[in-house]
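Just so it is clear, none of the values below were taken in a lab; they were calculated from the coordinates. Only a predicted model underlies this, so the values are computations on that prediction, with no experimental measurement involved. Every residue, glycine as well, gets a Cβ built from its backbone with ideal geometry; the counts of neighbours run over all protein chains shown.
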């Protein structure tokens, strides 16, 4: 993850809340990169809305009835990128370009970056914004675990158990934490 983002991972949990709620709407994810199609983007959005709903802090409403709009752009989406080789002369070292083709196990590296904005619908003012980036490298010795929920069984099934599945999960979880920590208290109403 991007440096400084780990602060949010250790902060306030996303579950176990009971209290006033903020009315939000999540806009369709804006695709600012190639490598992702609208079906995958829609599945990622549905997964994100589910994570936000599970925080019990928000009421999901239509854009015309909301106080806040969550706007997200997918800036980078690389499901599989050669990251060099593991083993002797591996791991993307300078030697891996020469010897890496001969020695070691290929590494798959996945990357995703989101551009997140929390926008006041009435004024169109951006309340808070942040880029969120995650990267995962497949380790041949360890299987990557992604959450076993319906999103990795349906629309995102091709990414279950892959570095990209881990990256999607981490980015969306970090985005939800960021929203929880940055929606001003004045938007929460009984």
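Label-to-label distance for residue 131 and residue 157 is 3.5 nm, based on points extended 7 Å past Cα in the beta-carbon direction.
For an R0 of 41 angstrom, estimate the FRET efficiency from the Cβ-Cβ distance between residue 121 and residue 81 and round to the nearest 0.05. Once the sixth-power term is evaluated, E becomes 0.65. Segment residue 38..residue 59, full-extension length gain: 5.1 nm, with 0.36 nm per residue of separation and the alpha-carbon distance subtracted.
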